[in-house]
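Visitor: Take a look at the following structure, please.
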Amino acid sequence: MAELHLTPQPIIEELKKNGVTHVVWLPDSETNFLYERMLAESSIELVPVCREAETMAIAAGLWVGGKKPVVLIQNTGMFESGDSIRGLGLDIGFPMVMMVGYRGWTRHGVTLDSAARFTEPILHAWGIDYYLVETDDDVDRISNAFDEAEKKQTPVACLMGAEYG
């Protein structure tokens, strides 16, 4: 049976396995558990931003410069980033992996938070495939996202919906 929590180290190992050089990030309540571990990881550079929409342009610039970034934002920030995702992700064929904190999501009952209710429909509307990463046993889905992004030359999301350990 899968452990019912998600911890930082397996995620960091998965990023390293995929050659990630930079995490372009605005910490949030769903992914903040990674922050201190990411700071201690010397092989991956953290690039903090003030607004989520900045992540797409910064990540695209890193990619054009030969680096391999990942974007780490909350679902509400993904909504705010819609035009950047469209213009810098979808329109230029940027094989970007977005790790999206799935604020408000629960598989344990009725989802009351509209941020959670709108996340998947918006990804569907944009034609962006996604993988749910809920436990340490799910982190290999991050590699699936990288493989798909490269194969299709398009953004792919990992929805980080978890109880963190």
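Just so you know, all these numbers are worked out from the coordinates, no wet-lab data involved. What you see is a predicted model; the values in this text were computed from it and never measured.
Visitor: Using modelled backbone amide H atoms (1.01 Å from N, in-plane), which distant-in-sequence or interchain residues come within less than 5 Å of LEU159's amide H?
Guide: VAL100, TYR131, LEU132, VAL133
Visitor: Taking every pair of Cα atoms in region 65-126, average 1/r, invert it to obtain the Kirkwood radius, and report Rg/Rh to two decimals. All intermediate terms of the calculation are to be shown ahead of the outcome.
Guide: On the way: Rg = 13.1 Å, Rh = 12.7 Å.
Rg divided by Rh gives 1.03.
Visitor: Shifting gears a bit: Residue-wise, which Karplus ³J(HN,Hα) couplings in Hz belong to region 14-20, taking 6.51 cos²θ - 1.76 cosθ + 1.60, θ = phi - 60°, and x for glycine or proline?
Guide: 5, 5, 4, 4, 9, x, 5
Visitor: Once amide H atoms are built 1.01 Å from N in the peptide plane, which residues 5 or more positions from GLU45, or in another chain, come under 5 Å H to H?
Guide: HIS22, VAL23
Visitor: Would you mind checking which residues have amide H under 5 Å from GLN74's amide H? H placed 1.01 Å from N; only 5 or more apart, or other chain.
Guide: Here GLY101 satisfy the definition.
Visitor: Work the Kirkwood hydrodynamic radius out for the chain: mean of 1/r over every pair of different alpha-carbon atoms, inverted, in Å.
Guide: Details: mean 1/r = 0.0643 Å⁻¹.
Computed over the chain, the radius equals 15.6 Å.
Visitor: Something else: Of the residues VAL64, VAL24, VAL97, which exhibits the maximal mean-square fluctuation in a Gaussian network model of the chain defined by a 10 Å Cα contact cut-off?
Guide: Among VAL64, VAL24, VAL97, the largest GNM mean-square fluctuation belongs to VAL64.
Visitor: So for region 1-155, averaging the separation of alpha carbon pairs under 8 Å that are six or more residues apart and normalising by length, what relative contact order in percent results?
Guide: On the way: 240 pairs, mean separation 42.8, N = 155.
The value is 28 percent.
Visitor: Please turn the phi angles of region 38-55 into ³J(HN,Hα) values with the Karplus equation 6.51 cos²θ - 1.76 cosθ + 1.60 (θ = phi - 60°), one per residue in order, whole Hz, x for glycine and proline.
Guide: Ordered by residue, 3J(HN,Hα) equals 5, 4, 7, 8, 6, 7, 10, 8, 7, 10, x, 10, 8, 9, 4, 4, 5, 4 Hz.
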